[in-house]
Each structure stands twice: as C-alpha cells, then as structure tokens.
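Only the coordinates and a few stated rules stand behind these numbers; no lab work does. Here the structure is a predicted model, which is why all the values come from computation and not from measurement. Because the Cβ atoms are built from the backbone with ideal geometry, glycine has one as well, and the counts that use them run over all protein chains shown.
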C-alpha cells in the first residue's frame, strides 16, 4: 500500500506529464497553423499580383519592390510581420508564466 506522500508525488508526476503533452500538442498545432497561413498568404499575394507562380519568378526580383505594382508584396510582408510579432509576444508571455 502506498503512503500519502507517494500518492501525491504520483499525482504531481502525472500532472506534469499531461502538461507536457498539452504543450507538445500546442506546438504541433502552431506549426500547422503557420504552414496554412504561409500557403494562404502566398496564394493571396499571387492572386493580388495576377500572375501565375511561374511568371512571378521570371518577372519579379527584389528591385521590383520599388515599383508601384508591389502592393501584394508589401501587404504580405506587413501581415507576416504582425503575425510574427503576435506569436512571439504570446510565446514570451507564456514562457514567463512558467
């Protein structure tokens, strides 16, 4: 038969294991969300520019961002930056709570 201290220790170990499991699931979900967001924003950028993906490789380079038709690039960059800031802030706050 186990003592109360042994039972309490087992409960704490199980709680830690469950928390680690939830954290791993959240990290995996965040990765999937990031991949879906990347694909969506890339598709939106291609649709805003109005080119097929093959044409965009041939016609656009870094210097073309100075032209007036670079709205899609700028929009994707701004949205991606804000998404990264929000995710980073959330991760830092979550880490400080532990």
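Just a few scattered comments:
- The modelled label-to-label distance between residue 33 and residue 21, using points 7 Å beyond Cα along the C-beta direction, is 2.2 nm.
- Fully extended contour minus Cα-Cα distance, from residue 13 to residue 93, at 0.36 nm per residue: 26.4 nm
- The label point for residue 2 and the one for residue 43, both projected 7 Å from the Cα toward the Cβ, are 4.9 nm apart.
- Mean-position separation - Cα centroids, region 75-89 and region 22-50, in angstrom: 12 Å
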